[in-house]
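K.L.:
Below you'll find the structure I mean.
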Amino acid sequence: MQETRTVPASSELDVGNLTQFEYLALNSPLNIADAHARQGLTAGQARIIDDLPNLFLKAAELPVEEVEREAHRAYFGLLGQHSYPGDDGRVLACYSSSVAMEILARSLAGAMSSVALIHPTFDNIPDILRGVGLDLVPVAEERLGEDDLDDILGSVGCVFVTTPNNPTGRVLSEEGLRRLAGQCAERDLVLALDTSFRGFDPAGHYDHYRVLGDSGCRWVVIEDTGKLWPTLDLKVGWLVTAANLGLPVAKIYSDILLGVSPMVLALVQRFSEDAADGGLADLHRFVAENRALVREGLAGVPGIHFPDPHSRASVERVNVGARSALDVWSSLRDHNVYVLPCQKFHWANPPEGNSTLRIALARSAAPLREATRALRSVLLSR
């Protein structure tokens, strides 16, 4: 028997975070809320799924270290990260990037009291950092890599950057990373990067690990395979650390988990190899086509605009003008369509997101088109 939920009206809604908004959408065929990959498999990916029994046997027979090494080689190489520290145990596999984030947060909490965090960004990052007792200082994303941050860096122990950023798609350039890493090195601060959306934008495929290593700063990078491929959330989040980090990351990791399934690692290897053989370029075209579908589907609606014209991430923000994003979200529920209102991305000043929605683009074209039609209808009625 299928469970039926009654969702309250927006005036009664008390949703604590963006993931809870996404949870409400999971059973809808018109879920364009969460950024997990939910499109259909390509022909190449379908062949990999057909080969799952052999993947399972391979993962069972080979040493875990060998399976993990091959997954590293395929995934990091796919995205240009050739200088990653793959030979000395500094690439720790987690069930998800959120688990990696929790381990990092607990490591930071024992060494400092405050973190400078990019603003806006997905709210589970500030929630996890605050949850271990850290104070947060917002840094506007446009300042990162562009300005000297003397007014901020003197009061924090870590700078945390999401690149490409979620929801804006903004990428910290190679020169910007070099400048920021240099500032952190001068002050002996930890520089933490969440690169979960890097696969979507070639501008983020320069070798971050080479830049970070050359800077001499203490650094941590969170990698994530879960946004790229429709693997039903079979994924890996990697927590990668500098040799000079000086935080108990490995100890806290061992408190939480032993490792991830070698079968999932083998799956990541195969999907990475398929992506390197043309699949990543196909994904980029697919996301670009879906972005155009949304923009064309909403063309001519009074008062709306798209604040991230250059984004290549698998999400698209829509500014709905004088309308309330939460009211639009509520009206869309009547059509069984779910998006994300953006207030909670603006974790330090939620009203900044009052007029913005985020749409997930990693969807098959037909449901995305239907959801866009519903959104257009709702916007024209308000």
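K.L.:
Which percent of the accessible area of the stretch 180-322 is formed by carbon and sulfur heavy atoms (probe 1.4 angstrom)?
P.N.:
It is 54 percent, rounded to a whole number.
K.L.:
Given a 1.4 angstrom probe, what's the average accessible area per residue across the stretch 66-189, in square angstrom?
P.N.:
On a per-residue basis, 37 Å².
K.L.:
Moving on. Ratio to report: Rg/Rh of the stretch 202-302, with Cα atoms as the point set and Rh obtained by the Kirkwood method; give two decimals.
P.N.:
1.09
K.L.:
Oh, and also: Mean separation of Cα pairs under 8 Å and 6+ residues apart, divided by the residue count of the chain: what relative contact order is that in percent?
P.N.:
Relative contact order for the chain comes out at 25 percent.
K.L.:
Starting from a Cα-only point model with no solvent, please compute log10 I(q)/I(0) by Debye for the stretch 122-215 at q = 0.20 1/Å.
P.N.:
So the normalised log intensities work out to -1.04.
K.L.:
Between Ser155 and Ser83, what is 0.36 nm times their sequence separation minus the Cα-Cα distance? Round to one decimal in nm.
P.N.:
22.8 nm
K.L.:
Once you treat every alpha carbon in the stretch 317-382 as an equal point and sum by Debye, what is log10 I(q)/I(0) at q = 0.13 Å⁻¹?
P.N.:
Here log10 of I(q) over I(0) equals -0.33.
K.L.:
In the chain, which Cys residues have no partner Cys with a Cβ closer than 4.7 Å?
P.N.:
Those would be Cys94, Cys158, Cys342, since no other cysteine Cβ in the chain comes under 4.7 Å of theirs.
K.L.:
With equal scatterers on the alpha carbons only and no solvent term, can you work out the Debye log10 of I(q)/I(0) for the stretch 234-382 at 0.09, 0.17, 0.18 1/Å?
P.N.:
Debye curve over Cα of the stretch 234-382, log10 I(q)/I(0) at q = 0.09, 0.17, 0.18 Å⁻¹: -0.44, -0.99, -1.04.
K.L.:
Please report, in debye to the nearest 20, how large the charge dipole of the stretch 105-159 is about its Cα centre when each Lys and Arg carries +1 at its beta carbon and each Asp and Glu carries -1 there.
P.N.:
420 debye
K.L.:
According to a simple spin-label model (label point 7 Å from Cα along Cα-to-Cβ), what is the distance in nm between Asp214 and His305?
P.N.:
In this crude spin-label approximation the distance works out to 3.7 nm.
K.L.:
Figure the gain on full extension for Glu65 and His205 (residue separation times 0.36 nm, minus the Cα-Cα span) and round it to one decimal in nm.
P.N.:
Here the segment from Glu65 to His205 would lengthen by 47.8 nm.
K.L.:
Further, regarding this structure: For the residue pair Ala43 and Ala322, what label-to-label distance in nm results when each label sits 7 Å from Cα along the Cα-to-beta-carbon direction?
P.N.:
5.2 nm
K.L.:
Could you work out how far the C-alpha centroid of the stretch 80-104 sits from that of the stretch 195-262, in angstrom?
P.N.:
About 4 Å separates the Cα centre of the stretch 80-104 from the one of the stretch 195-262.
K.L.:
Let me ask something else. Would you pull out the residues with amide H under 5 Å of Thr356's amide H, same chain only if 5 or more places away, H placed 1.01 Å from N?
P.N.:
Correct list: Val320, Ala325, Cys342.
K.L.:
Above 17 Å lies some portion of the pair distances; for the stretch 10-85, what is it as a whole percent of all C-alpha pairs?
P.N.:
70 percent
K.L.:
Within 10 Å, count the other beta carbons around each residue, average over each peptide in 126-135, 99-108, and list them highest first.
P.N.:
Descending packing order for the listed peptides: 99-108, 126-135.
K.L.:
Turning to a different aspect of this structure: What area, in nm² and to one decimal, does the C-alpha convex hull of the chain cast on average over all directions?
P.N.:
19.1 nm²
K.L.:
Which net charge results when you count Lys and Arg as +1 and Asp and Glu as -1 among the other residues whose beta-carbon is under 11 Å from that of Asp150?
P.N.:
Charge balance in the 11 Å sphere: -3.
K.L.:
With contacts defined as alpha carbon pairs under 8 Å and 6 or more residues apart, what's the relative contact order of the stretch 91-200 in percent?
P.N.:
For the stretch 91-200, the relative contact order is 26 percent.
K.L.:
Can I ask one more? Counting only heavy atoms of protein chains, what accessible area per residue, in Å², does the stretch 230-382 have with a probe of 1.4 Å?
P.N.:
Ligands and nucleic acids excluded, the figure is 41 Å² per residue.
K.L.:
Let me ask something else about it. Based on DSSP H runs of at least 4 residues, each adding -39500 (n - 2.57), what is the mean residue ellipticity at 222 nm of the chain after dividing by all its residues, to the nearest 500 deg cm²/dmol?
P.N.:
My calculation for the chain gives -12000 deg cm²/dmol from helical runs alone.
K.L.:
Further question on the same structure: Please list, ordered by chain and number, the residues whose modelled amide H lies under 5 Å from the amide H of Cys158; skip anything fewer than 5 residues away on the same chain.
P.N.:
For Cys158, the qualifying residues are Ala116, Val190.
K.L.:
If you don't mind, there's one more thing I want to ask. Please identify every one of the GluC sites (Glu not before Pro) in the stretch 135-225 that sits in a loop by DSSP and has no more than 16 other beta carbons within 10 Å of its own beta carbon.
P.N.:
Glu146
K.L.:
Follow-up. So how far, in whole Å, is the C-alpha centre of the stretch 143-158 from the one of the stretch 164-179?
P.N.:
One Cα centre to the other: 15 Å.
The values are calculated or read from the model by the stated rules, or taken from the named source; none is laboratory data. Being a predicted model, the structure only gives us computed values, none of them experimental. Please note: Cβ atoms are built from the backbone with ideal geometry, for glycine as well, and neighbour counts cover all protein chains shown. SASA here: full protein model, heavy atoms, side chains in, ligands and nucleic acids out. Shrake-Rupley method; radii C 1.70, N 1.55, O 1.52, S 1.80 Å.
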